[in-house]
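A.B. asks: Sharing a structure with you now.
No value in this document is a laboratory result; all are computed from the given coordinates. Computed from a predicted model, the values in this text were never measured in an experiment. Because the Cβ atoms are built from the backbone with ideal geometry, glycine has one as well, and the counts that use them run over all protein chains shown.
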Amino acid sequence: MISHAWLAIFFLVGSALAQSPNSSASEELRRTEHIRVEALISGDVVRLGKLLGDDLTYTHSTGIKESKAEFLHRIQSGELKYDSMQHENVVSVHLYGDTGVLTGTSRVRVSARGQTLNLHIRFTEVWVKRDRDSWQLVAWQATRIAEE
């Protein structure tokens, strides 16, 4: 007969082992997001192009919606330049199979058509794992946070 203590230990160890792949995938997705932000700030459209899905829907805090091609064109042309993007606190990661959803807040300094904006935003990102080893961003949605 198995004691209650051993049964509890068995379930705790099993639970920890079951969570480790998600933990690893969460960290991988966080690293990928960090790389995306670095590429965005440096204007590296080649690296961004690999991280963004061809089916990307990028919705800015202004409500403007762009495709991957439109978004990359604006960055490459200099019409849109991200000077900084600092995610605040903890960015939440939720995994659903080969799909990851990141949510958080960020302070963004961006120049658009010659006008510099300092924004405080809440964002939602949807990533899909493709080709077994690479995550691609397929949706970005940002909303401005009112400053008090």
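A.B. asks: In the range 49-70, what count of residues is obtained for those that are crowded, with 18+ Cβ neighbours inside 10 Å and either β-branched (Val, Ile, Thr) or in contact with a helix residue (DSSP H, G or I) (Cβ under 8 Å, 6 or more places away or on another chain) (or both)?
C.D. replies: Adding up the residues that qualify gives 5.
A.B. asks: Would you please list the contacts, defined by Cβ atoms under 9 Å and residues six or more apart or on different chains, that run from a residue in the range 103-119 that is over 18 Å from Ser42 (Cα atoms) to a residue that is of a type in the set (Gly, Ala, Ser)?
C.D. replies: Thr103/Ser92; Gly104/Ser92; Leu119/Ser61; Leu119/Ser106; Leu119/Ala142
A.B. asks: Quickly run through the range 29-46 and pick out the residues that are under 11 Å from the mean Cα position of the chain (by Cα) and either over 13 Å from Met85 (Cα atoms) or touching a residue at least 40 places away in the same chain (Cβ under 8 Å) (or both).
C.D. replies: Leu29, Arg30, Arg31, Thr32, Glu33, Arg36, Val37
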